[in-house]
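Just below is one structure, and these are the notes that go with it.
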2 protein chains.
Amino acid sequence: MVTQTERHAQPAGDHEKRSDSVEEVLTLLRSHGGRVTTSRRLLLQCLFEGRAHRTAEELAVEVQASAPDVHLSTIYRNLDELERLGVVVHAHLGHGPATYHLATETHGHLVCESCGAMLEAPENLFDALARAAAHDYGFTIDPRHFAVLGHCAACVQVAGN
Amino acid sequence: MVTQTERHAQPAGDHEKRSDSVEEVLTLLRSHGGRVTTSRRLLLQCLFEGRAHRTAEELAVEVQASAPDVHLSTIYRNLDELERLGVVVHAHLGHGPATYHLATETHGHLVCESCGAMLEAPENLFDALARAAAHDYGFTIDPRHFAVLGHCAACVQVAGN
DNA sequence: GCCAGAGATGCGACCTGGATGCAACAGGCA
DNA sequence: TGCCTGTTGCATCCAGGTCGCATCTCTGGC
């Protein structure tokens, strides 16, 4: 399964290759007995082209700009399917809805409980915690799936005054 | 606000003192212009006597064992009020409902995404992450509020086979 | 090119967890 | 004791997400 998800893990920065990645995921889908549909192609284009961390609803709005009939539940189902294939992952950033992004963008999240600001943190920020959890509890952490809540520099300063 | 929450922070292990703590919180409530009601007293007794990490619904069931008319929304409102006073905190353990426990029980949570098992971890497990987040981003983490998702030893072993 | 059948879709209903508006009730100070 | 205001029960609503089902459409085989 892992080897298949790597098929679309291309070096970033090559603009011409981006739409190819959409096609590669569609090929992956087909190889798993899935079908290539308009809504799936559009959803993948949104995921590859736009910013990361969009909610299902936001993605639906973007897809509906091209195909107004695509239903929100279709977006959910397709995101679910893409997650099963290892193409996208979802993350929970605080109390709100889940957000989705490509699985190739691996990073953790720091979310401010006061102002809602979200910082992307490289996975190695969590290395020490990962080692400690593994050593003390045999627990393998997944730093992408959870947001670490707390307070950003600006809000700490305000609260301190 | 912090000094007030410390008023019920008693050394653990003193069985006789437990119900007194309920009274102390009620006094705290009263000193903030709140009132002492049956539902509040029962809710606090549940919180002080039972295990940690119960959802609002579970607490409601326990309270309703003594007072069947106490409504779930009353439980939510009282938990909210107690949280404002710093007596209880809530934590999100994975995808389910929030869980509540006394603010004096400070620890982080490791939750297995496969089997749902929850491990309580002492706050110092997060020290290295706290230092790194503060150093790199000026971000103060709150390791009690979020669960760290991942996979427990047993599930990792099963997946590895 | 056509067809059959399985996978995908649109739609509405439903579910969980939680918030809110409001009238009635009740704690607690004068 | 009575009044004022905080609290409660109830109904209703909301967000985020899931599900069942009839209909549609993609795709491999002919």
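Do we have B:T74 as within 16 Å of DNA strand D (Cβ to nearest atom) and of a type in the set (V, I, T) here?
Yes, satisfied.
Working only within segment B:65-83, note down all residues that are away from chain A (no Cβ under 14 Å) and either touching a residue at least 40 places away in the same chain (Cβ under 8 Å) or not hydrophobic (A, V, I, L, M, F, W, C) (or both).
Matches in segment B:65-83: B:S66, B:P68, B:D69, B:H71, B:S73, B:T74, B:Y76, B:R77, B:N78, B:E81, B:L82.
Within segment B:84-94, can one find any residue that is within 14 Å of DNA strand D (Cβ to nearest atom), within 30 Å of B:H32 (Cα to Cα), in a loop (DSSP other than H, G, I, E, B) and at pLDDT 90 or above?
yes
Can you work out which of the residues in segment A:67-104 that are more than 11 Å from DNA strand C (Cβ to nearest atom) and closer than 14 Å to A:C46 by Cβ is farthest from the chain's Cα centre (by Cα)?
Restricting to residues being more than 11 Å from DNA strand C (Cβ to nearest atom) and closer than 14 Å to A:C46 by Cβ, the top hit is A:V87.
Within segment A:96-113, can one find any residue that is touching a Cys at 6+ places or on another chain (Cβ under 6 Å) and modelled with pLDDT under 95?
Yes: one or more hits.
Is segment A:81-95 home to any residue that is among the charged types (D, E, K, R) and under 23 Å from A:L149 (Cα atoms)?
no
What is the residue count in segment A:25-50 for residues that are part of a helix (DSSP H, G or I), among the β-branched types (V, I, T) and either under 15 Å from A:Q64 (Cα atoms) or within 11 Å of DNA strand D (Cβ to nearest atom) (or both)?
2
Taking segment B:99-122 on its own, how many of its residues are in contact with a strand residue (DSSP E or B) (Cβ under 8 Å, 6 or more places away or on another chain) and under 22 Å from B:H151 (Cβ atoms)?
Count: 15.
Within segment B:96-155, take every residue that is of a type in the set (V, I, T) and either surrounded by fewer than 20 Cβ atoms within 10 Å (Cβ to Cβ) or outside any strand (DSSP E or B) (or both) and give me the one that is nearest to the other protein chains (Cβ to nearest Cβ).
Per the stated criteria, the residue is B:T140.
The values are calculated or read from the model by the stated rules, or taken from the named source; none is laboratory data. Quick caveat: nothing in here was measured; it's all calculated off a predicted structure. Here the Cβ is made from the backbone with ideal geometry for all residues, glycine too, and neighbour counts use every protein chain on show.
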